[in-house]
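*Asks:* Can you keep this structure in mind? I'll have questions shortly.
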Amino acid sequence: MMRDLLMLLMQIPGLSGNEDRVRQAISKTLADLCVESRSDRLGNLVATFEGDPGAPSVMLFTHMDQLGFVVRKVEPDGFLRLERLGGVPERALASQAVLICVGQGRDVPGVIANKSHHATPPGEKYHVVPYRELYVDAGFASAEEVAEAGIQIGTPVVYRPQSFALGPHRVAGTSVDDRAGCAVLLGLAADLAARKSGPTVHLAFTVQEEFNLRGALPLAQDLKPDIAIQIDLMLASDTPDSKELGDMYLGAGPGMSLYSFHGRGTLNGVLPHPALVRLFEASAEAQGLTLQRSAQTGVLTDLSYVQHVGAGVASIDLGFPMRFSHSSLEVCDLRDLDALVMLLGEGVSRIGPDFSLNRDEGQA
Ligand SMILES: [Zn+2]
């Protein structure tokens, strides 16, 4: 179930600001579970599960969009130039397959060119080509042909969607960030639809996260939750090039962030509410799950803005370990996603009228 759902969601292109196809797939999946959902002006999708009005309300959210590009310029000879949208790593761009998103059924595949190896002088062989110099070959011979295909400046472009199994438990492909989060919340929606009690939960699938965190904040201003829980990747530190990052292992269980901070530009981050840290520690223990811990700089989610809404929202980032973030082939482990559904289900069910967010009642 989780594998099929995730692999399906990864196949749907949804650049930031162009999430419509992803939203439609998710709202259809919710409808199949007999869960009603609604979208707002920005394109965020919300399903509200009404619950005990005496308990703190919960906004549980994850982003639908993915990073990518937009067409910046069409060359007279039919080649396309791209502008980046989101944190796209330049050193992994040459030779990538892309999909130019003109419309369902009319999308155009393309190739980010890599200069012929035979024509590459030794001095260039270890040089990263800046994205501005890269160009896309999409099979066109002129700007007129490009226009006829419906491609123009501003047309969305994503890594060509793909998803495949890696070993017995893992999935590799495009936009594991954050379709894996979407798959987890859909897994939870099935549980929430069948529950008998619990707090009001707003399950939200948000837009424009990769475009510097713009979708979730207006939604939170509308929903005014007491508690916000964001689901996204946790940087795995179990590869030869990432051992210094921390102790986050694929397949070892969901993760909880105790500290995130983004020092470049935004100067924002999240320090989780201690009552929520205790809640999910206790929930993991009750379910027999390992809960991994994360403390990272350079990582930022929508939650860093959501926490400022109203008189402040008690916040926590939870997620799944993921490798190779923002490259065209990200990797996660399905066991972590299943465990995350269990953790969230248990955690949310423990939020009753006596669940206190009062800091004076906390343990020092
Ligand atoms: Zn993400």
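Values quoted throughout were computed directly from the atomic coordinates according to the rules given, and no laboratory measurement underlies them. Predicted model, so just to flag it, every value in this text is computed and none were measured. In this analysis, Cβ positions are derived from the backbone assuming ideal geometry, glycine residues included, and neighbour counts consider all displayed protein chains.
*Asks:* At a Cα cut-off below 12 Å, give the aspartates and glutamates reachable from LYS73, other chains included and same-chain residues fewer than 8 away excluded.
*Replies:* Cross-link targets: GLU83, GLU133.
*Asks:* Next question, about the same structure. Find which of PRO121, SER39, LEU93 sits farthest along the positive direction of the dipole of the chain, computed with +1 on the beta-carbon of Lys and Arg, -1 on that of Asp and Glu, about the Cα centre.
*Replies:* The residue sitting most towards the positive pole is PRO121.
*Asks:* So what's the back-of-envelope 222 nm ellipticity for the chain, counting only DSSP H runs of four-plus at -39500 (n - 2.57) apiece and dividing by all residues, rounded to 500?
*Replies:* On the way: 8 runs with 89 residues, N = 364.
Calculated from helices alone, the mean residue ellipticity at 222 nm is -7500 deg cm²/dmol.
*Asks:* What FRET efficiency would be calculated for the residue pair SER116, GLU144, taking the C-beta separation as r and a Förster radius of 30 Å, to the nearest 0.05?
*Replies:* On the way: r = 27 Å, r/R0 = 0.89.
After rounding to 0.05, the efficiency reads 0.65.
*Asks:* Here's a follow-up. Could you work out how far apart the two model spin labels at ALA286 and LYS125 are, taking each label as a point 7 Å from the Cα in the direction of the beta carbon, and quote it in nm?
*Replies:* 6.0
*Asks:* Starting from the Cα of ASN212, move 7 Å in the Cα-to-Cβ direction to define the label point; list residues of region 55-75 whose amide nitrogen is under 17 Å from there.
*Replies:* In region 55-75, the label zone of ASN212 (backbone N under 17 Å from the point 7 Å along Cα→Cβ) covers 67-70.
*Asks:* At a threshold of 8 angstrom on Cα-Cα distance, excluding pairs fewer than six apart, so keeping six or more, what relative contact order does the chain reach in percent?
*Replies:* Values: 835 pairs, mean separation 84.7, N = 364.
Computed over the chain, the figure is 23 percent.
*Asks:* Once fully extended, how much extra length lies between ARG38 and SER356, figured as 0.36 nm per residue of separation less the alpha-carbon to alpha-carbon distance?
*Replies:* Values: separation 318, 0.36 × 318 = 114.48 nm, distance 2.98 nm.
Once the chain is fully extended between ARG38 and SER356, it gains 111.5 nm.
*Asks:* Relative to the longest principal Cα axis of the chain, at what angle does helix 176-194 sit, 0 to 90 degrees, rounded to 10?
*Replies:* It is inclined by approximately 40 degrees.
*Asks:* Let me ask something else. Decide, for the chain, between rounded, prolate and oblate: order the square roots of the alpha carbon gyration tensor eigenvalues as a ≥ b ≥ c, take rounded if a/c falls under 1.5, and otherwise choose prolate if a/b is larger than b/c, else oblate. Don't skip to the end; give the middle numbers.
*Replies:* Working: a/c = 2.05, a/b = 1.69, b/c = 1.21.
Here the chain falls in the prolate category.
*Asks:* Now for a different question. Find how much the distance from SER197 to GLU50 grows on full extension, using 0.36 nm per residue of separation minus their present alpha carbon separation; answer in nm with one decimal.
*Replies:* Working: separation 147, 0.36 × 147 = 52.92 nm, distance 0.93 nm.
Answer, rounded to one decimal: 52.0 nm.
*Asks:* Additional query: In degrees from 0 to 90, rounded to the nearest 10, what is the angle of the helix 274-287 Cα long axis to the longest principal axis of the chain?
*Replies:* For 274-287 against the chain, the angle is about 90 degrees.
*Asks:* Same structure again: Going by the alpha-carbon gyration tensor, a ≥ b ≥ c the square roots of its eigenvalues, is region 115-172 rounded (a/c under 1.5) or, if a/c is not under 1.5, prolate (a/b greater than b/c) versus oblate? Kindly include the intermediate steps, with their values, before the conclusion.
*Replies:* Working: a/c = 2.48, a/b = 1.11, b/c = 2.23.
In terms of gyration-tensor shape, oblate.
*Asks:* How many nm is it between the label spots at GLU75 and PHE164, if each spot is 7 Å from the Cα in line with the beta carbon?
*Replies:* Output for this residue pair reads 2.9 nm.
*Asks:* On a full-extension model of 0.36 nm per residue, what is the gain between HIS308 and LEU258, subtracting their alpha-carbon distance, rounded to one decimal in nm? Walk me through the numbers before you get to the answer.
*Replies:* Details: separation 50, 0.36 × 50 = 18.00 nm, distance 1.75 nm.
The span from HIS308 to LEU258 would gain 16.2 nm if fully extended.
*Asks:* So how compact is region 1-153: Cα radius of gyration and Dmax in angstrom?
*Replies:* Over region 1-153's Cα set, Rg and Dmax evaluate to 20.2, 70 Å.
*Asks:* Here is a further query. Per-residue HN-Hα couplings for region 220-228, Karplus 6.51 cos²θ - 1.76 cosθ + 1.60 at θ = phi - 60°, whole Hz, x for Gly and Pro?
*Replies:* 5, 5, 6, 7, 6, x, 7, 10, 10
*Asks:* Also, quick follow-up: What angle do you read, to the nearest 10 degrees and between 0 and 90, between the alpha-carbon axis of helix 20-32 and the longest principal axis of the chain?
*Replies:* So the inclination is approximately 40 degrees.
*Asks:* Run the reach check for LYS196 against lysines, Cα to Cα strictly under 26 Å, same-chain hits fewer than 8 apart removed. What comes back?
*Replies:* LYS28, LYS224
*Asks:* Okay, moving on. Rounded, prolate or oblate, given the Cα gyration tensor of region 208-350, with a/c below 1.5 counting as rounded? If you can, show how the numbers build up before the last one.
*Replies:* Working: a/c = 1.76, a/b = 1.13, b/c = 1.55.
Because a/c hits 1.5 or more and a/b fails to exceed b/c, region 208-350 counts as oblate.
*Asks:* Let me ask you something else. Which net charge results for the neighbourhood of LEU67, defined as the other residues with beta-carbon distances under 10 angstrom from its beta-carbon, given Lys and Arg at +1 and Asp and Glu at -1? Before the final figure, lay out each step's value.
*Replies:* Working: positive: ARG84; negative: ASP65, ASP177, GLU209, GLU210.
Net of charged neighbours comes to -3.
*Asks:* Okay, moving on. So which aspartates and glutamates pass the test for LYS243, namely a Cα distance under 19 Å, with those fewer than 8 places away in the same chain ruled out?
*Replies:* Cross-link targets: GLU330, ASP333.
*Asks:* Next question. What are the ³J(HN,Hα) values, in whole Hz, obtained from phi via the Karplus relation 6.51 cos²θ - 1.76 cosθ + 1.60 with θ = phi - 60°, for each residue of region 320-337 in sequence order, with x given for Gly and Pro?
*Replies:* Going residue by residue, I get 10, x, 9, 9, 6, 4, 6, 7, 6, 10, 8, 10, 9, 10, 4, 5, 5, 5 Hz, with x marking Gly and Pro.
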